[in-house]
1. State whether one or more residues within the range 223-242 are open to solvent by 40 Å² or more (accessible area, probe 1.4 Å), touching a residue at least 40 places away in the same chain (Cβ under 8 Å) and assigned to a loop (DSSP other than H, G, I, E, B).
2. What do you reckon, is A41 crowded, with 20+ Cβ neighbours inside 10 Å and either within 16 Å of ligand 2 (Cβ to nearest atom) or at positive phi (or both)?
3. For the range 118-142, which positions are open to solvent by less than 20 Å² (accessible area, probe 1.4 Å) and within 16 Å of ligand 2 (Cβ to nearest atom)?
4. Filter the range 243-261 down to residues that are open to solvent by 70 Å² or more (accessible area, probe 1.4 Å), of a type outside the set (A, V, I, L, M) and assigned to a helix (DSSP H, G or I) and give me whichever is nearest to L135 (Cα to Cα).
5. How about the range 15-60: which of its residues are under 18 Å from L173 (Cα atoms), more than 9 Å from ligand 1 (Cβ to nearest atom) and in a loop (DSSP other than H, G, I, E, B)?
6. Could you list, in sequence order, all residues of the range 193-206 that are hydrophobic (A, V, I, L, M, F, W, C), exposed (fewer than 12 other Cβ atoms within 10 Å of the Cβ) and either in a helix (DSSP H, G or I) or away from ligand 1 (no atom under 11 Å from the Cβ) (or both)?
7. Condition check: open to solvent by 20 Å² or more (accessible area, probe 1.4 Å), closer than 26 Å to V177 by Cβ and out of contact with any His (no Cβ under 9 Å at 6 or more places or on another chain). Does N115 satisfy that?
8. For the condition touching a residue at least 40 places away in the same chain (Cβ under 8 Å) and out of contact with any Pro (no Cβ under 6 Å at 6 or more places or on another chain), what is the one hit in A105, A111, A91?
Amino acid sequence: MKNSFLKTSGGAKKAMIIAFVHHKGGTGKTTSCLNIAGYLAKMNKRVLVIDLDPQGNATAGLGIDRKTIDFSVYDVLFGQKNMSEVILETASGVCLAPSSLDLLAAETHMAGKPNNASLLRQNLSYITGFFDYVLIDVPPGSTLLMINGIVASKNIIIPLDSGVFAYETLTTLRSLVIELNKELGIETNLMMMLLRRNSISVMDYYQTWEVKKLIKEFLVENNMTSLKIFTLPYSRKIFKAQMNGLPISHYAPLSCIGMAFKRIAKKILVMNKNKIY
Ligand SMILES: Nc1ncnc2c1ncn2[C@@H]1O[C@H](COP(=O)(O)OP(=O)(O)OP(=O)(O)O)[C@@H](O)[C@H]1O
Ligand SMILES: [Mg+2]
């Protein structure tokens, strides 16, 4: 169904915008974005996922076949379409601004453009009144697309896998955000970290515990102790839900991994209500 979100009133209240960011690949950005979106939608919130990644995993994860779409975020970034014209409603009720393969060329096209860090931000202002939450799935790598994701959102969630390399990149990520804030005069809030187990083994349990300890030390050293860390269990159900094009909230809501994402979604609701971000 196309554009039914426009039937809801675009009130004065603006959506909370959250980007899922980590320049390392495979840390769980897309999985976290989709599953939190699913629970927020189940809690009767109007949710938009923006797939900013040429890989299109968020688009597929919401059950949309890219071959069937006419327009994508690419057309929005380069002024061919308004955001409202590309948004689709998906089976779970989560709305989606889909990705297309054209996004692979976005870096090159953005390179010479003025204000190229805020192309997405400029295009979001038209639709933020129609949604309660806008979640942006940001691609890996330190690209202009990644920077557009950060600049468009006031809030950032950092998904991490429980490997030591994912932890070590935190310093780089923090420096990048500080630099962008200074250069572009924005105020980005690092909201929470989601630490994902890599397997169900006992060894992995201890490894996750060690990485969590390192992260906590990092947060203390950098005066960031208000930043909450959630641990996510490893679950095969994630794979199955993704194969079925549904968030876990609509595939296996009572699973351990489902309940973990539900807790995070609830925390986001509270943070939004109390403006703790
Ligand atoms: N909690 C989990 N349990 C089991 N598998 C998971 C879990 N979270 C993510 N995965 C799997 O790990 C892989 C990487 O996850 P995901 O695609 O979300 O990472 P990403 O950071 O978005 O990757 P990329 O940087 O390529 O965009 C996927 O195959 C996903 O199904
Ligand atoms: Mg991804």
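1. From the range 223-242, those open to solvent by 40 Å² or more (accessible area, probe 1.4 Å) are 223, 225-226, 228, 231, 234, 236-237, 239-240, 242; that's our starting set.
Applying the additional criterion that residues be touching a residue at least 40 places away in the same chain (Cβ under 8 Å) yields 242.
After this cut, where a residue has to be assigned to a loop (DSSP other than H, G, I, E, B) as well, the list is none.
There is no residue in the range 223-242 that is open to solvent by 40 Å² or more (accessible area, probe 1.4 Å), touching a residue at least 40 places away in the same chain (Cβ under 8 Å) and assigned to a loop (DSSP other than H, G, I, E, B).
2. Working: crowded, with 20+ Cβ neighbours inside 10 Å: yes; either within 16 Å of ligand 2 (Cβ to nearest atom) or at positive phi (or both): no.
So A41 does not fit the description; no.
3. Residues of the range 118-142 open to solvent by less than 20 Å² (accessible area, probe 1.4 Å): 119-120, 124, 127-129, 131, 133-139.
Correct list: L135, I136, D137, V138, P139.
4. Y251
5. Of everything in the range 15-60, just one residue is under 18 Å from L173 (Cα atoms), more than 9 Å from ligand 1 (Cβ to nearest atom) and in a loop (DSSP other than H, G, I, E, B), namely V21.
6. As a first pass, look at the range 193-206 and keep what is hydrophobic (A, V, I, L, M, F, W, C): 193-195, 200, 202-203.
Of the ones still in play, those that are also exposed (fewer than 12 other Cβ atoms within 10 Å of the Cβ) are 200, 202-203.
Selection gives V202, M203.
7. Working: open to solvent by 20 Å² or more (accessible area, probe 1.4 Å): yes; closer than 26 Å to V177 by Cβ: yes; out of contact with any His (no Cβ under 9 Å at 6 or more places or on another chain): yes.
Yes.
8. On the way: A105 fails: touching a residue at least 40 places away in the same chain (Cβ under 8 Å); A111 fails: touching a residue at least 40 places away in the same chain (Cβ under 8 Å).
Answer to the selection: A91.
The values are calculated or read from the model by the stated rules, or taken from the named source; none is laboratory data. Note that the structure is a prediction, hence the values are computed from the model and not measured. A quick note on method: Cβ atoms are made from the backbone with ideal geometry, for glycine too, and the neighbour counts reach across all protein chains shown. Heavy atoms of the whole protein, side chains included, go into the accessibility calculation; ligands, DNA and RNA do not. Shrake-Rupley method; radii C 1.70, N 1.55, O 1.52, S 1.80 Å.
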